[in-house]
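Asker: Structure provided below as structure tokens; questions to follow.
The values are calculated or read from the model by the stated rules, or taken from the named source; none is laboratory data. Worth saying up front: this structure is predicted, and the values here are computed from it rather than measured. FYI the Cβ positions are ideal-geometry reconstructions off the backbone, even for glycines, and counts take in every protein chain you see. The accessibility values were calculated without ligands, DNA or RNA, using every heavy atom of the protein model including side chains. Shrake-Rupley method; radii C 1.70, N 1.55, O 1.52, S 1.80 Å.
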Amino acid sequence: MRATLIYFLLMLSFGSFASELNKLIEFAYRNNPKIKSYENIKKSYLFRSNFAKSLPNPVISLSLNNVETTRFLPRKENPMSGFVLFVSQKYPLPAKRNKSSTIFKEKSFEIEFSKESFIKELEKRLKILYWEFSYSFEMERILRDIEKEIRSLIEITEEKYRYGKALLSDLILLRVELLKVEEKLSQARKLRETTLSRIHALAGGKVELSGSDLEQLPFPEDF
């Protein structure tokens, strides 16, 4: 059932609202927090890859011997005082540094692959959500037409009932159907609000969307 639904969604023509959908996807590229996180991690690994080829920073240390608290420099009254400044430099072998650099670079490739996989999944989810968002408008339009027809039938039935040409049960059934349609209209609006919130969460911010008309393509005969 789920596979059939996905296939049905893919059979819908996105050409009519490709422009707005593309803008939504481009907005998500720039603002989705997870994409930004992948990019920052990748930059970090590339920086560490370049840094690993260099020598570590020199280490500076200071040694004090018999130094007075009020006078730090040696003087003749205290000939045993003094200080020594040390500068040391570690020297990892070039092969080890190159190996570390390669490891960090490979990790950056892994992050890039994960980012591309996430982007593909993000695009798919945004397309389906955008379809649901646009579908809510189509659903409301159809229900409005049905509501209009039922209200027209209610007026006709009320007129007939006054002249004894219709039963009270007919009028009650029409009013029940009207309540059902009004409930479905409420569901369509709720679907739109919920879907829009999910789109904003995935896109990483609020995007002005108007939805678009849907065009259903026929299923292939051998499906």
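Asker: For a quick check of your reading of the model, give me the residue pairs whose first member lies in the stretch 166-189 and is open to solvent by 80 Å² or more (accessible area, probe 1.4 Å), whose second is in a helix (DSSP H, G or I) and of a type in the set (F, W, Y), with beta-carbon atoms closer than 7 Å and at least 6 apart or on different chains.
Answerer: As it stands, the answer is L168/Y161, since those pairs meet every condition given.
Asker: Answer yes or no as to whether E39 is open to solvent by less than 80 Å² (accessible area, probe 1.4 Å), out of contact with any Lys or Arg (no Cβ under 6 Å at 6 or more places or on another chain) and modelled with pLDDT of 90 or more.
Answerer: yes
Asker: Going by the conditions given, is S101 farther than 22 Å from G211 by Cα, at pLDDT below 90 and in contact with a Lys or Arg (Cβ under 6 Å, 6 or more places away or on another chain)?
Answerer: yes
Asker: Now, a different point. Quick check on the stretch 113-127: of everything there that is under 18 Å from S19 (Cβ atoms) and not basic (K, R), which residue is most open to solvent (accessible area, probe 1.4 Å)?
Answerer: E123
Asker: On to the next question. Name the single residue that is modelled with the lowest pLDDT among those in the stretch 42-54 being among the hydrophobic types (A, V, I, L, M, F, W, C) and open to solvent by less than 70 Å² (accessible area, probe 1.4 Å).
Answerer: A52
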